[in-house]
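Written below as structure tokens is the structure these notes are about.
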Amino acid sequence: MSNTPKVFESEYRFCLILWDREPVTTVELTKICKEKLDWSRTTTYTVIKRLSDRGVVKVENSVVTSLVSKESVQMAEMEELIEKRFESSLPAFIAAFAKKQKLSDEEIEQLKRMIEKGGK
């Protein structure tokens with residue numbers, strides 16, 4: 001299992017904003033979060049504090065930067081989903097996904113290439 005700290009749904013929406021604009025001041029983040037998420041200044045600062053306490057973001061001189069990448073958060077979420085819902089079976093996850101989501105020929109080819117490369 002990944003060492004990436006847990007990022008909950010509303011925090012993830014915040015992180016998407018941060019990843020797109022970092023480094024960014026807390027003042028600017030509160031403005032953006034008000035516009036995009038309809039959050040109050042207090043809510044934004046609370047989320048920044050929680051994420052900082054968990055090692056997801058860093059605040060220095062009122063400037064916020066991420067300590068974890070979008071990709072690592074996504075990967076940790078996938079690992080958790082596969083472990084909890086698909087008994088740690090990636091093939092079971094892919095089979096369920098493929099039944100629900102029609103894959104294009106190109107997507108199938110991409111998956112085959114990834115499997116052949118061993119996921120690299």
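The values are calculated or read from the model by the stated rules, or taken from the named source; none is laboratory data. As the structure is a computational prediction, the values presented were derived from the model and not from experiment. In this analysis, Cβ positions are derived from the backbone assuming ideal geometry, glycine residues included, and neighbour counts consider all displayed protein chains.
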* Quick check: anything in the stretch 26-49 among the acidic types (Asp, Glu), closer than 21 Å to Glu77 by Cβ and without any contact (Cβ under 8 Å) to a residue 24 or more places away in the chain? -> no
* Asked: Is at least one residue of the stretch 58-71 in a helix (DSSP H, G or I), at pLDDT 95 or above, over 15 Å from the mean Cα position of the chain (by Cα) and not aliphatic (A, V, I, L, M)?
  -> no
* To do: Looking only at the stretch 78-104, count how many residues are farther than 29 Å from Asn3 by Cβ and either modelled with pLDDT of 90 or more or among the hydrophobic types (A, V, I, L, M, F, W, C) (or both).
  => 2
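Taking the stretch 65-108 only, how many residues are acidic (Asp, Glu), exposed (fewer than 12 other Cβ atoms within 10 Å of the Cβ) and under 30 Å from Asp20 (Cβ atoms)?
First, pick out the residues of the stretch 65-108 that are acidic (Asp, Glu): 71, 77, 79-80, 83, 87, 105-107.
With the extra rule that they be exposed (fewer than 12 other Cβ atoms within 10 Å of the Cβ), the set shrinks to 71, 87, 105-106.
Applying the additional criterion that residues be under 30 Å from Asp20 (Cβ atoms) yields 71, 106.
Residues in the stretch 65-108 being acidic (Asp, Glu), exposed (fewer than 12 other Cβ atoms within 10 Å of the Cβ) and under 30 Å from Asp20 (Cβ atoms): 2 in total.
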* Asked: What pairs can you find where one residue is in the stretch 9-22 and surrounded by 15 or more Cβ atoms within 10 Å (Cβ to Cβ), the other is acidic (Asp, Glu), and their Cβ atoms are less than 7 Å apart, with a gap of 6+ or different chains?
  -> none
* To do: Tell me, please, whether a residue that is of a type outside the set (D, E, K, R), in a loop (DSSP other than H, G, I, E, B) and under 19 Å from the mean Cα position of the chain (by Cα) can be found in the stretch 28-48.
  => no
